[in-house]
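Read through the structure below, which is laid out as structure tokens, and then see the notes.
Please treat every number below as a calculation from the coordinates, not as lab data. From a predicted model like this one, the values you see are computed outputs, not experimental measurements. Please note: Cβ atoms are built from the backbone with ideal geometry, for glycine as well, and neighbour counts cover all protein chains shown.
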Amino acid sequence: MGSPPAAVLGPLLDAIDTALTEAGMSIVHLKAVLHTESGSVKAALCGNGVEPEVEGMLDASPARVHELLLNLRGGGDADTAKAIVERCLQNQDAETSDLRSDAFLPAAPRPERRVSRKEVAMRTNS
């Protein structure tokens with residue numbers, strides 16, 4: 001029979017949030033989109049233990065196949081976060097196939113141009 005997207009996504013995000021919190025890792029932004037043939041649900045949270053903002057077809061019909069896109073920006077080791085997310089996926093009452101995941105620590109931004117305080121003051125006073 002399958003499960004409705006909202007019934008899959010809610011517990012998964014709760015599990016990821018709990019596991020990251022227990023590991024002492026901060027969630028800056030966690031976004032997940034779950035697509036099925038009957039509709040999609042998107043949820044995002046910006047912090048540990050925060051209720052997610054949810055949109056989409058919350059009343060979508062149960063489906064056997066779900067396609068998940070998950071993006072996590074957080075504080076802590078990228079490989080540890082990846083392992084936590086993968087463990088949470090494996091603990092779901094579902095079969096996972098075609099799992100593609102990556103974890104990385106982006107390089108510090110390099111500004112292309114700096115604006116001096118004097119220039120900012122001149123622009124705001126104009």
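For the chain, what is the charge dipole size about the Cα centre, in debye to the nearest 20, if Lys and Arg each add +1 at the Cβ and Asp and Glu each add -1 at the Cβ?
1040 debye
If you rank Met25, Met1, Met122 by fewest surrounding Cβ atoms within 10 Å, what's the result?
Result, fewest neighbours first: Met1, Met122, Met25.
Amide H neighbours of Gly47 under 5 Å, at least 5 residues apart or on other chains, H built in the peptide plane: list them.
Long-range HN contacts for Gly47: Leu30.
Using the Karplus curve 6.51 cos²θ - 1.76 cosθ + 1.60 with θ = phi - 60°, what ³J(HN,Hα) values do you get for each residue of segment 41-51, in whole Hz, with x for Gly and Pro?
10, 10, 9, 9, 9, 10, x, 6, x, 8, 5
Using θ = phi - 60° and the Karplus curve 6.51 cos²θ - 1.76 cosθ + 1.60, what whole-Hz ³J(HN,Hα) does each residue of segment 31-37 get, with Gly and Pro shown as x?
10, 9, 10, 10, 9, 9, 5
Semi-axes of the equivalent ellipsoid for segment 5-125, please: Cα gyration tensor eigenvalues, times 5, square-rooted, ordered largest first, whole Å.
Semi-axes from the Cα gyration tensor: 34, 19, 14 Å.
I need Thr124, Thr36 ordered by Cβ neighbour count within 10 Å, fewest first.
Arranged by neighbour count, lowest to highest, Thr124, Thr36 become Thr124, Thr36.
With a cap of 16 neighbouring Cβ atoms within 10 Å, and only residues DSSP puts in a loop, list the trypsin sites (Lys or Arg not before Pro) found in segment 1-68.
Arg64
Calculate one ³J(HN,Hα) per residue across segment 59-67 by plugging θ = phi - 60° into the Karplus curve 6.51 cos²θ - 1.76 cosθ + 1.60, and present them in order as whole Hz with x for glycine and proline.
Ordered by residue, 3J(HN,Hα) equals 9, 4, 5, x, 9, 7, 10, 10, 10 Hz.
Dipole magnitude of segment 1-75 about its Cα centre, charges +1 at Lys/Arg Cβ and -1 at Asp/Glu Cβ only, in debye to the nearest 20?
200 debye
Obtain the nm distance between the two label points defined at Thr80 and Cys46 by a simple spin-label model: each point lies 7 Å from its Cα along the Cα-to-C-beta direction.
In this crude label model, Thr80 to Cys46 measures out at 2.5 nm.
In terms of Cα to Cα distance under 16 Å, which lysines are near enough to Lys42, apart from those fewer than 8 places away along the same chain?
By straight Cα distance, Lys42 reaches Lys31.
Residue farthest toward the positive end of the dipole of the chain, with Cβ of Lys/Arg at +1 and Asp/Glu at -1: which of Ser101, Leu13, Asn91?
It is Ser101, whose Cα lies furthest towards the positive end.
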